[in-house]
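The values are calculated or read from the model by the stated rules, or taken from the named source; none is laboratory data. Note that the structure is predicted; figures quoted are calculated from it, not measured. For neighbour counting, all protein chains shown are included, and Cβ atoms are generated from backbone atoms with ideal geometry for every residue, glycine included. Note: areas computed on protein heavy atoms with side chains; ligands, DNA, RNA excluded. Shrake-Rupley method; radii C 1.70, N 1.55, O 1.52, S 1.80 Å.
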Amino acid sequence: MSDVSRRGFVTAGAALAGALSAGGFGTPPARAADRNGFMAASNRPDRPRSMGPGIQAVHALCEVTGGGEKVYGIAVEYDAEVDPAGLALDSFAAGVFPAAPGFFPGMPQEPDKNATADAAKPRPVAAIYTAGEAALRADRKSVPGPFVIAEFAHDPDLSLPTTDSDKVTIVQNKPVRARNGAIYAPSPRLWTNAGRRGNSVVIRGVDAWEQSHWWWDDARATWLEYSIYLPKSFLKPGGEARAYPLVLAITHSGTSYDGTCAQTLTEQCIASIWSLPEEQAERECVVVTPRYERTTMNDYWEHTHDVENTHRLVQSLLAGEWNHGNPNLADRRDKVLRIDPARVYCTGWSMGAMTSLWLMAKHPETFAAGLIIAGQQRPADVATLAHQKLLIITGTDDDKATPWNEKCVPVWEAGGAKVTRPAERLDPALIFPVDRQQALTTKVDGYLAQGGNITFLTFQEVDHMASARKFFYIGAARKWLFRQARG
C-alpha cells in the first residue's frame, strides 16, 4: 500500500494584481491527521499564519461531486469577527489552480492533480458572507464570525468532470471592516491555502469520516483497510443505544493500487454522497467503504480474498464488535456501534457493483437490498439473487453491464424472481439539476411500484464512465433503498 497522499501541493511564486497569475513548483506530498486522530480526506496542515491583524489563513472549500472534487469557494480567515455590511462581490479576487494535465478523478495511476505549473485561473465570486467556521452556508447569509466566505457558482450538472486542483489564491481588493471597528486595508499580497504539509482544504460531507481503520483476522493473517462515517446522533450521549442502518459502499478499481482512503471518498461520490448533511438528515446511517490494494473482481469473474474479507467486516459490525472510536475523544470513547440487522444495504459502481452482486448472492441472509450501478456478473454465479431486492441501473452505451444483466434476467425469473425490466430508456437529462427531478421520480417510482423484487432500468446514451457520475444522484433510487428491510 502506498503511503503517499494525492494531496501534494505546489507553492505559489508570483503575485496576483489585476490579472491573476501565479507559478509553482512541486513539493513532497504528505498526509495530515485530522482532529479525530485519523487520516483526513481534507488537509488542515500546519501553514504560515499571520502574526498581525487582518488575514490569518485561507482555506479551499470543496465538495465531492459525480465528476470528482470541485472547489466551491474560499474561506478567508481574519483575526476578528468581520462586519458583513461592507463586503461586496469584488472585495476579493479569487483564483483556482487547474488540475494537472492528464488528471481524471478515479483513474488508475493518475497524476497528482496539484502537480501543475499552470497559472491559477480567475474564479468569479457569486456570493460573499461571513461565517463562524470555514464552511459554505446553504442560505448564503452572514452569521457572526471571523471567516469571509467567497462562494463560487455551482454548475447544476454535478456529473461534469472536475478541472480543479485543490489549491486556491485570493487577494483582498477592498477594505474589510471588523465588528470591533478595525479596518483592514486592501493589499496586493497574494494569499494561498498552500502550506508546508499540504493544502488547507475543507470538503463538505467528507471531513466527518474516520479513515484508515483496519479490520483484521489474526487467525487468517489477513486485514482490510476501510473508512467509516458515524452518524451525528451516535456521537451524542446515548447514541450507542440506537441501532443504525448500514450502507456498504464499494468503489471502483481506479481507487485501488496506489490509492488512499481519501481517494475512495473524494474522487467519486459513490460513498460520500451518503454522508452529505442533507442526505443524513433524511436517511441517517452508518456508511463504510473499503480501500482495496488491488482489483477485487475482474472481467474473468475472478476475485481476491478481499471480497470475503469485506463480508467479514460487515459481520463484525453486525456482531457489535466495532468499538474502535477514537479513545481520545469523549463523544466516541468506548462506544460500541450497533447496526440494525434488517437494514444492511450494498451499493457500488463498476468493480464495486460486481462485488456487491457477488456478496449479495453468496450471503443473502446479510443484505436487505442493493443499489447496483453499472455492474455485471456471470448469470450462474448470481442465480440466488432471484430472492433478493435489487435496483440495477445501467446505460445503453455500457457494452458490459447492460448486456450481462440482460442475460441474468431469465435466470432470475426461472428462479422465482419478479423482474421489472421496462422497454423505455430513460432520459439522463432528467437527473440534473437534482432539485428538479419530479419527472424522473415519477417514472422511477412508477416502475418500482410494479412489485418486482428486481428492477432493471437503463438510461439512453450513457456509457460506463458516465454512469458513476450521474446515477447516484437519482433521489428515487436512494429513497427506494432505505425503504427496504429484511424479514
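Considering only the chain, what is the antiparallel percent among its DSSP beta bridges, to the nearest 5?
Around 65 percent antiparallel, to the nearest 5.
Dipole orientation for the chain: of the candidates V58, H154, A115, V58 has the Cα lying most toward the positive pole (charges on Cβ; Lys, Arg +1; Asp, Glu -1).
Take the alpha carbon gyration tensor of region 263-315, find the square roots of its eigenvalues, order them as a ≥ b ≥ c, and report rounded if a/c is under 1.5; if not, report prolate when a/b exceeds b/c, else oblate.
Taking the square roots of the gyration eigenvalues as a ≥ b ≥ c, region 263-315 is prolate.
Here A281 and H387 are evaluated by their C-beta separation; at R0 = 25 Å the FRET efficiency comes out at 0.15.
Could you work out how far helix 305-318 tilts from the main Cα principal axis of the chain, as a 0 to 90 degree angle to the nearest 10? Helix 305-318 sits at roughly 80 degrees to that axis. Principal-axis analysis of the Cα atoms of the chain puts helix 438-448 at an angle of about 20° to the longest axis. Counting Lys +1, Arg +1, Asp -1, Glu -1, what net charge surrounds S350 among other residues with beta carbon under 14 Å of its beta carbon? Net charge in that neighbourhood comes out at -2.
Partners of K121 within straight-line reach, counting lysines whose Cα lies under 29 Å from its Cα and excluding those fewer than 8 residues away in the same chain: K70, K113, K141, K167, K174, K470.
What longest region of the chain stays clear of trypsin sites (Lys or Arg not before Pro) that DSSP places outside H, G, I, E and B and that have at most 11 other Cβ atoms within 10 Å? It works out to 334-487.
Label reach from T304 (point 7 Å along Cα→C-beta): in region 325-366, amide nitrogens under 14 Å belong to 351-352, 355.
For the chain, the share of accessible area belonging to carbon and sulfur comes to 53 percent (1.4 Å probe, ligands and nucleic acids excluded). Residues of region 130-162 with an amide N closer than 13 Å to a point placed 7 Å from the Cα of A182 along the Cα-to-Cβ direction: 146-147.
Taking every DSSP helix (H) stretch of at least 4 residues in the chain, weighting each as -39,500 (n - 2.57) and dividing the sum by the residue count yields a mean residue ellipticity at 222 nm of -4500 deg cm²/dmol.
Compared with the dominant principal axis of the Cα atoms in the chain, helix 351-362 is inclined by about 40°. Between the alpha-carbon centers of region 417-487 and region 349-384, tell me the distance in whole angstrom. Going from one Cα centre to the other spans 17 Å. If R0 is 60 Å, what FRET efficiency do you get for K418 and N328 from their C-beta distance, rounded to 0.05? In this case the efficiency is close to 0.70.
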